[in-house]
Amino acid sequence: MIFLTIGTHEPFDRLLHAFDDWLGQHADQHEVVVQAASPVIDAYRPRYFDTIAHLSPEDYEAHIRAADLIVSHAGMGSILTAFTYGKPIVIMPRRGHLRETRNDHQYTTFRSLKAWPGLFFAEDETALPAVMDRALAAITDAAPPCLPDVADPGFTTALREFIFSSRQG
């Protein structure tokens, strides 16, 4: 199952439209659940899937657990949730210059996380179809690593050294 989630605060028509176009070529191959903000009057209306405006936290978690692949904007909540459950995720950032968000913080997030296993990047709507195909082809029985419950020892050591060095100054 593919779970597409874009949050409940703002529409993201560019991602919905690109995903809908891709799904039109693959609709009979995939079960899809889409959680998207309630559309505004002139919003894009998908042809190949329905949307759910709000999910309870329990239902959201159930869809994450059931998903073979998550597709999302480049919001840290969605990314960390995918990492927590060891789920592969395709992200496409909202862009500030397109007025999809207030600035390019999602694009910055997108550019800084490229090394994480199971994270697939669609820089824009033209890249999404190939990225979807690549992400689905990469799914195996071995899930991406889950986000650890504790911080990396190198990080905690560096943080401890920073804290203790600033006490001495």
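Of the residues L128, L159, L55, L4, the one with the fewest other Cβ atoms within 10 Å heads the list, and the complete ranking is L159, L55, L128, L4.
R65: net charge of surrounding residues, Cβ under 13 Å, Lys/Arg +1, Asp/Glu -1, itself excluded? Neighbour charge sum, excluding R65 itself: -3. Counting every other Cβ atom within 10 Å of each residue's Cβ, F19, F83, F49 order from fewest to most as F49, F83, F19.
FYI, it's all coordinate maths here, none of it is from the lab. On a predicted model such as this, the values are computed, not experimentally measured, just so you know. So basically every Cβ, Gly included, is an ideal-geometry build from the backbone, and we count neighbours across all protein chains shown.
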